[in-house]
Amino acid sequence: MIPVTRPYLPARARLERYLDSIYNSHCLTNNGPLTQQLGERLAEYLDVEHLLLVGNGTLALQIAYRALGVSGPTAEEGWNAVTTPFSFVATTSSLKWDGGKPAFADIDPDTWCVDAHRVVEAISPCSRALVPVHVFGNACNVEHLEAIAARNGLPVIYDGAHAFGVRYKGKSLLRRGDATTLSFHATKIFHCIEGGAIIFRCREDLETARLMTQFGTLQRDRIDAVGINAKLNEFQAAMGLCILDEIDTVLTQRADIWERYRTQLTDWVRLQVWNPKATQNHAYFPIVFESEAVLLQVLTALGARGIEARRYFYPSLDDVACLSPAQVHHKGKQQSNAQSLASRILCLPIYPGLTSQQVDVICETVKESLGHVGIAFGMPGCTKGEDQCRTKPSPN
Ligand SMILES: *Cc1c(COP(=O)(O)O)cnc(C)c1O
């Protein structure tokens, strides 16, 4: 059985050294020495300022909304945030949980990030923020989105859960916007078992958020705000520190696997068009087929060989009634780009430890089942126009 992902575990001896320090300090949580060390080392590694560690990536979004005044006591009934329907459910459910509505703006069919032109159309007097996603680590059209936000007086909170380490025009992508959130869940490139972070543009917002994550009380005998518990603990920080020690190996192994897939599959499936000004972190290997029927055929063939590929992200969030009943497209209506993509996309296994031979078997299986249905994007005989068959560089 080849899983779609396998959480990375660092060298055990290394972890034990960090655990020894916890046994010595008896400090288990509450921004202890390992948590502080992790915060400092991550800020340095990611080349960012104003980084706050939190318990997970969903809390990171929720605390960011609060700290920037998007949600919370000052937010009017019926507020919304303009966001993408093509993401993990937490991007939208975190808004709903805090009383907001998603105002979905459709995605660009090539980059799979939210389309800035659709964002303009989705903004209404009820809009309080933009919440774009750097989907699969691909940088959004940040300049365009930030100009739109500035024109409308809205903060930008990027869900950067996939964008660990990505650089844009020579600087960390995570510096963009009023805040960028990260997830350090076990399945992400870098993890703390569960964990997350928010990177704020302004120090004051970070301080507001820090107070919120610790019950609104940072000093003894003082309660300064209504807060919640969004802390990371020392065992999580120990895991994070170990993985940060080994991060170069993790990234190299992922890049090798990614490239091996790309070489073998590029003529057979459609791939994400990468932002040309951004680096890649090889967090996922998503492939797109011509139709859902073809996808299901490939999925069955992979399953028969014990290979777990995952439909990710599926369903498209604008197809989920509990998230946005008003916006769910009904039969007969034209599909959104997000719905169309969601129905045809599959993520292939990628994790350190996946062998070259396994990658080759996966590629062979994909190609064989595509051979049976006789469909391959970009191959001779493709009935679509040449430019539709091949990935083309994005215009930004
Ligand atoms: C993983 C993920 C989250 C949620 O992070 P958790 O740490 O699991 O709470 C949010 N958004 C996106 C895009 C994600 O992939």
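The values are calculated or read from the model by the stated rules, or taken from the named source; none is laboratory data. Bear in mind that the values here come from a model prediction, so they are computed numbers and not experimental data. Reconstructed Cβ throughout: ideal geometry from the backbone, glycine too, with neighbour counts over all protein chains shown. Ligands, DNA and RNA are stripped out before the accessible areas are found, and what is left, the full protein with its side chains, is counted by its heavy atoms. Shrake-Rupley method; radii C 1.70, N 1.55, O 1.52, S 1.80 Å.
The 1.4 Å probe gives accessible areas that order 190, 235, largest first, as 235, 190. Once the Cα-Cα distance is subtracted from the 0.36 nm per residue extended length, the residue 89 to residue 75 segment shows a gain of 2.8 nm. Build a GNM of the chain with springs between Cα atoms under 10 Å apart, and of 309, 225, 278 the one that fluctuates most is 225.
Counting lysine pairs in the chain whose alpha carbons fall under 15 angstrom apart, excluding pairs fewer than 8 residues apart on the same chain, gives 4. The alpha-carbon atoms of the range 262-352 define a convex hull whose volume equals 156 cubic angstrom per residue. Estimated from helical segments only, the mean residue ellipticity of the chain at 222 nm is -11500 deg cm²/dmol, where each DSSP H run of four or more residues counts as -39500 (n - 2.57). Full extension of the chain between residue 1 and residue 267 gives 93.1 nm of extra length, using 0.36 nm per residue less the Cα-Cα distance.
The accessible-area ordering, largest first, of the residues 117, 372, 50 stands as 372, 117, 50, per a 1.4 angstrom probe. Rounded to the nearest 0.05, the FRET efficiency derived from the C-beta distance between residue 171 and residue 207 at R0 = 35 Å is 0.90. Remark: the range 153-272 carries 41 Å² of accessible area per residue (probe radius 1.4 Å; ligands, DNA and RNA excluded). Counting only alpha carbon atoms, the long axis of helix 57-67 and the longest principal axis of the chain meet at about 50°. Axis of helix 203-213 versus longest Cα principal axis of the chain: the two differ by about 80°, to the nearest ten degrees. In the chain, the longest principal axis of the Cα atoms and the axis of helix 33-46 are about 50 degrees apart. Label positions at residue 20 and residue 248, each projected 7 Å from the Cα along the C-beta direction, are separated by 2.4 nm. Across the chain, Cα pairs under 8 Å and at least six residues apart give a relative contact order of 22 percent.
So for the range 1-121, what are the equivalent ellipsoid semi-axes in whole Å, largest first, each being the square root of 5 times an eigenvalue of the Cα gyration tensor?
Semi-axis lengths for the range 1-121 are 35, 21, 14 Å.
Pairs of Cα atoms nearer than 8 Å and 6+ residues apart set the relative contact order; for the range 12-245 it is 27 percent. Between residue 12 and residue 364, how high is the FRET efficiency from 1/(1 + (r/R0)^6) when r is the Cβ-Cβ distance and R₀ = 30 Å? Nearest 0.05. Result of the calculation: an efficiency of 0.30.
Counting only protein chain heavy atoms and rolling a 1.4 Å probe, the accessible areas of 202, 322 rank, largest first, as 322, 202. The P(r) of the chain has a tail past 39 Å containing 18 percent of all C-alpha pairs. The calculated FRET efficiency for residue 152 paired with residue 187, based on their beta-carbon distance and R0 = 45 Å, is about 0.85.
For the chain, give the percent of accessible area contributed by carbon and sulfur heavy atoms, probe 1.4 Å, rounded to a whole number. So the carbon and sulfur contribution to the accessible surface is 52 percent. When both the range 111-130 and the range 1-57 are represented by their alpha-carbon centers, they are found 35 Å apart.
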